[in-house]
Amino acid sequence: MRKYVSNSEEETKVFAKTFAKDLKKGDVIVLSGDLGSGKTKFVEGILSYYGMENEISSPTFTIVNEYRCDTENIYHFDVYRLENSDEFYAIGGEEYFQKGICFIEWGEIVEDILPKHYIKIKFSRNLDEENKREIEIDYK
């Protein structure tokens, strides 16, 4: 497990941009943490690596946003509103796993159907310092 401390939204995005360099098609990344803990800012940083930083939008009401660039397809899920993994299956969510790089906010809801190997990133807010975040990366 790796840990990183971010002191601002900008630091979170810079860290994500660096993290993106090692990602490849078929990678699944679960983003876990409370509302406002930095999950979407992290994905914004990932997109900036691919030159798409201005295209980010939270998929809260659409379940998945698709981003296509010359080198990779990125799928950004928010499964907060799903009851369980059966609903993820119903929308064909698992079909995306091999089509590109998948980021799944609130992914613990569908953890039982994720590929054998995935990356789980937990975001924790610091109650004493408003902009500080602890980011834990666990390779499953």
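For the residues E130, E108, the requirement of being without any contact (Cβ under 8 Å) to a residue 24 or more places away in the chain and under 22 Å from K41 (Cβ atoms) singles out E130.
Of all residues in the stretch 40-53, those that are under 22 Å from W106 (Cα atoms) have Cβ atoms under 6 Å from Cβ atoms of residues that are surrounded by 22 or more Cβ atoms within 10 Å (Cβ to Cβ) and of a type in the set (S, T, Y), 6 or more apart or on another chain, in K41/T12; F42/T12. Residues that are under 19 Å from V64 (Cα atoms), basic (K, R) and part of a helix (DSSP H, G or I) within the stretch 1-42 comprise K39, K41, listed in sequence order.
A single member of G93, G100 is touching a strand residue (DSSP E or B) at 6+ places or on another chain (Cβ under 9 Å), among the small types (G, A, S) and modelled with pLDDT under 95, and it is G93. Among the residues of the stretch 122-136, those identified as assigned to a strand (DSSP E or B) and over 15 Å from E105 (Cα atoms) are R125, R133, E134.
In summary, K99 fulfils each of the numbered conditions (1) of a type in the set (D, E, K, R); (2) touching a His at 6+ places or on another chain (Cβ under 7 Å); (3) closer than 29 Å to D70 by Cβ with the single exception of condition (2). Inspect the stretch 127-139 for any residue being within 11 Å of I29 (Cα to Cα) and at pLDDT below 95 and give the result as yes or no. Yes, that holds for at least one residue. For the residues Y89, Y80, Y67, the requirement of being buried (at least 19 other Cβ atoms within 10 Å of the Cβ), hydroxyl-bearing (S, T, Y) and either assigned to a loop (DSSP other than H, G, I, E, B) or at negative phi (or both) singles out Y67.
For the stretch 97-140, how many residues are of a type in the set (D, E) and closer than 16 Å to E87 by Cβ?
4
One residue stands out among those in the stretch 105-123 that are within 25 Å of T71 (Cα to Cα) and in contact with an Asp or Glu (Cβ under 8 Å, 6 or more places away or on another chain): the one that is surrounded by the fewest Cβ atoms within 10 Å (Cβ to Cβ), which is I119.
One line per residue, one yes/no per condition, for (1) more than 16 Å from I137 (Cβ to Cβ); (2) at pLDDT below 95; (3) loosely packed, with under 14 Cβ neighbours inside 10 Å; (4) of a type outside the set (V, I, T):
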site: S37; (1), (2), (3), (4): no, yes, no, yes
site: T40; (1), (2), (3), (4): yes, yes, no, no
site: S48; (1), (2), (3), (4): yes, yes, no, yes
site: N54; (1), (2), (3), (4): yes, yes, yes, yes
site: F61; (1), (2), (3), (4): yes, yes, yes, yes
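The values are calculated or read from the model by the stated rules, or taken from the named source; none is laboratory data. These figures come from a predicted structure and were not determined experimentally. Note that each Cβ is placed from the backbone with ideal geometry, even for glycine, and that neighbours are counted across all protein chains shown.
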